[in-house]
Amino acid sequence: MNNARLFKNQDDMDSTLPSASSNFPVSNGPVQLRVVKNAAMKTVDLRKSYYKHRVELPVLKGVDLEIEEGQFTAIIGQSGSGKSTLLHLMGTLDAPTEGEIWYDGARIDNMSARHREHIRNQEFGMIFQFYHLLPELTTLENVLVPRMVQCGIFKYWRQKREFTNRAMELLDRVGLSHRLHHKPSQLSGGEMQRTAIARALISKPRLLLADEPTGNLDRENGEIVMSSLMTLCRDEQLTIVMVTHDEEIANTADHIVRLADGRLAAI
Ligand code: ADP
Ligand code: MG
């Protein structure tokens with residue numbers, strides 16, 4: 001596994017990047033982590049505070065993170081460490097208090113709501129701890145829902161065969177070809193999460209953001225979901241960022257970074 005590399009200060013970060021096999025000294029002081037050369041997404045001094053009765057609750061206190069294109073990055077941290085907050089910011093679902101978020105060479109945190117929604121729909125897929133499947137629809141229909149919403153009824157019907165083929169291909173990749181016409185109530189937790197993964201990928205996103213995707217599953221099903229994610233990461237040239245409190249689950253990823261006390265920390 002190739003863990004995140006450590007940089008002590010901005011000058012180090014700006015200097016020529018060493019090769020992937022380089023070993024970096026681990027600093028005991030505050031560190032900034034940099035994962036990569038080829039960044040699909042990066043955050044720069046990202047800060048987020050919540051306010052209660054005008055009292056500031058700082059959650060992210062300056063996160064500098066680079067996510068490598070086509071790789072599976074896991075962000076680990078204890079409950080309450082700000083993992084979901086960070087992921088929501090990366091997915092443009094919430095706005096940072098300070099700092100920047102860059103995606104594919106463009107700054108996205110300060111874009112208009114319309115542009116952010118466009119990027120979210122076209123470029124990002126998201127999965128969560130709970131699957132949020134529609135109970136009255138079958139597995140196949142659930143996977144097709146984002147296409148129905150995006151296209152509107154006429155375009156959807158014109159392209160229904162193409163969309164259905166894509167949905168069936170994805171369901172095959174996550175091992176659910178034999179569950180196409182089951183309703184969520186007839187599926188196991190692992191099968192529901194794999195349906196949610198296929199749904200997140202139906203529109204061919206380039207970045208998948210996953211918030212504790214195995215959080216509601218037993219170990220065996222958690223591993224099956226991880227294995228599906230790894231396969232999709234390779235086959236679809238997908239960049240995956242997953243947050244989890246589970247170190248064992250995170251160990252499967254290509255890169256691991258830790259979030260603690262609002263900052264990235266050494267592993
Ligand atoms: P994690 O996902 O690592 O468990 P979160 O990002 O959900 O952590 O939350 C980090 C901290 O921010 C927690 O202390 C939580 O209570 C607080 N928090 C999260 N969302 C809000 C919110 N909308 N308003 C106020 N505080 C929040
Ligand atoms: Mg969370």
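Quick notes
- Additional length obtainable on full extension of the chain from S79 to Q237, 0.36 nm per residue less Cα span: 53.9 nm
- Counting only heavy atoms of the protein chains and using a 1.4 Å probe, K42 has close to 70 Å² of accessible surface.
- Per-residue ellipticity at 222 nm from helix content only, as computed over the chain with -39500 (n - 2.57) for each DSSP H run of at least four residues, stands at -10000 deg cm²/dmol.
- Accessible area (Å², 1.4 Å probe, nearest 10) - S79: 110
- The slack between T164 and Q129, meaning 0.36 nm per residue of separation minus the straight C-alpha distance, is 10.0 nm.
- Ordering S227, S185 by accessible surface, largest first, gives S185, S227; the 1.4 Å probe counts only protein heavy atoms, with every chain in place.
- Shape category assigned to the stretch 104-229 from the gyration tensor of Cα positions, a/c cut at 1.5: oblate
- The candidates M148, M90, M111, arranged from most to least accessible area with a 1.4 Å probe in the full protein assembly, appear as M148, M111, M90.
- Set of the stretch 206-241 residues, backbone N closer than 19 Å to the point 7 Å along the Cα-Cβ line of M111: 206-210, 238-241
- Solvent-accessible surface ranking, highest first, for C233, C151 at 1.4 angstrom: C151, C233
- Shape class of the stretch 165-267 from the alpha-carbon gyration tensor: prolate, with a/c at 1.5 or above and a/b greater than b/c.
- Accessible surface of Y156 - all protein chains present, 1.4 Å probe, nearest 10 Å²: 10
- Rounded to whole numbers, the Karplus 3J(HN,Hα) couplings from phi for the stretch 256-266 are 10, 10, 10, 10, 8, 6, x, 9, 7, 10, 5 Hz, using 6.51 cos²θ - 1.76 cosθ + 1.60 with θ = phi - 60°, and x at Gly and Pro.
- Rounded if a/c under 1.5, otherwise prolate or oblate - the chain, Cα gyration tensor axes: prolate
The values are calculated or read from the model by the stated rules, or taken from the named source; none is laboratory data. Small disclaimer: the values here were computed from a predicted structure and weren't measured. Glycine also receives a Cβ, built like all others from the backbone with ideal geometry; neighbour counts cover every protein chain displayed. The area values use the complete protein model at the heavy-atom level, side chains included, leaving out ligands, DNA and RNA. Shrake-Rupley method; radii C 1.70, N 1.55, O 1.52, S 1.80 Å.
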